[in-house]
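Engineer: Handing you a structure now.
The values are calculated or read from the model by the stated rules, or taken from the named source; none is laboratory data. Model, not experiment: these values are computed from the prediction. Neighbour counts run over all protein chains shown; Cβ positions are idealised from the backbone, glycine included. Please note that ligands, DNA and RNA were not included when accessible areas were found on the heavy atoms of the full protein model with its side chains. Shrake-Rupley method; radii C 1.70, N 1.55, O 1.52, S 1.80 Å.
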Amino acid sequence: QKEVEQNSGPLSVPEGAIASLNCTYSDRGSQSFFWYRQYSGKSPELIMSIYSNGDKEDGRFTAQLNKASQYVSLLIRDSQPSDSATYLCAGTPLGGGTASKLTFGTGTRLQVTL
Amino acid sequence: GAVVSQHPSRVICKSGTSVKIECRSLDFQATTMFWYRQFPKQSLMLMATSNEGSKATYEQGVEKDKFLINHASLTLSTLTVTSAHPEDSSFYICSASAQKHNEQFFGPGTRLTVL
């Protein structure tokens, strides 16, 4: 079983709609979670961090964390064609201390259509 | 936000030569830097974790004598691909972290082509 799992997609949503990206993890000790956006041929860019249960909003992005269900999600409101990219979910492993390595999912490819 | 640079952005070299890639954290001190490799349409693969002033920790299957990592200061880590071969052609990306929550900030990557 992979430690961090994501649906590879592609997830296709029309422009202006809400894109919902989901991620599950197997390590109950994981404390911190991150969403990265990676455009084709480019390096990942950190777009959201979440550490506590509940929702965290930043502009059009909302991250949701449910540690009991071991579930992390990213909602993108008013999706734009420029949001088309691969979204990587990442978490810290059990016992992660300062600057521990992250466990990445394989990524979900999002396509926002006109 | 945290900015990480990499140099060079692209390099083409002949088989058998060595290539050095630099990774710098520009506006923060990075106690830990990470080196990844990514082949086309594949996931990020962590190669090694580098802590300032100490030896790097390599992931299983990564040859430490082929991929030399030096983290001499809190703002600079280097990856040297020694005796490069065509199968080493890939996208090499570094990241830097200094945050208690383990946020990693990625450099723009270096595309290596070995002829």
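Engineer: Within the set of pairs 6 or more residues apart or between chains, which connect a residue that is facing chain B (nearest Cβ under 8 Å) inside region A:34-49 to a residue that is of a type in the set (A, V, I, L, M) and part of a loop (DSSP other than H, G, I, E, B) with Cβ atoms less than 8 Å apart?
Structural biologist: A:Phe34/A:Leu102; A:Pro44/B:Leu44
Engineer: Let me ask something else about it. I'd like the full set of residues that are within 13 Å of the chain's Cα centre (by Cα) and among the hydroxyl-bearing types (Ser, Thr, Tyr), limited to region B:54-74.
Structural biologist: Answer for region B:54-74, where residues must be within 13 Å of the chain's Cα centre (by Cα) and among the hydroxyl-bearing types (Ser, Thr, Tyr): B:Thr57, B:Tyr58.
Engineer: Looking at region B:52-97, what strands (runs of 3 or more DSSP E) fall wholly within it and have at least 3 residues that are open to solvent by less than 40 Å² (accessible area, probe 1.4 Å) and more than 16 Å from B:Leu112 (Cβ to Cβ)?
Structural biologist: Per the criteria, B:90-97.
Engineer: If B:Thr110 satisfies all but one of (1) among the hydroxyl-bearing types (Ser, Thr, Tyr); (2) surrounded by 15 or more Cβ atoms within 10 Å (Cβ to Cβ); (3) within 30 Å of A:Tyr51 (Cα to Cα); (4) within 13 Å of chain A (Cβ to nearest Cβ), what's the number of the condition it fails?
Structural biologist: Just one mismatch for B:Thr110, condition (3).
Engineer: Residue by residue through region A:12-24, note down the ones that are more than 14 Å from every other protein chain (Cβ to nearest Cβ) and open to solvent by less than 50 Å² (accessible area, probe 1.4 Å).
Structural biologist: Listed by number, the residues that qualify are A:Val13, A:Gly16, A:Ala17, A:Ala19, A:Leu21.
Engineer: Kindly indicate whether any position in region A:54-64 is of a type in the set (Lys, Arg), more than 13 Å from chain B (Cβ to nearest Cβ) and touching a strand residue (DSSP E or B) at 6+ places or on another chain (Cβ under 7 Å).
Structural biologist: Yes, the conditions are met somewhere in region A:54-64.
Engineer: Limited to region B:12-27, what total is found for residues that are in contact (Cβ under 8 Å) with a residue 40 or more places away in the chain and open to solvent by 30 Å² or more (accessible area, probe 1.4 Å)?
Structural biologist: 10
Engineer: While we're here: Looking at (1) farther than 14 Å from B:Thr80 by Cα; (2) open to solvent by 30 Å² or more (accessible area, probe 1.4 Å), find the lone condition where B:Val4 falls short.
Structural biologist: (2)
Engineer: Go through region B:1-25 and count every residue that is farther than 22 Å from B:His85 by Cβ and assigned to a strand (DSSP E or B).
Structural biologist: 6
Engineer: Mind checking whether some residue in region B:34-49 is modelled with pLDDT under 95 and away from chain A (no Cβ under 11 Å)?
Structural biologist: yes
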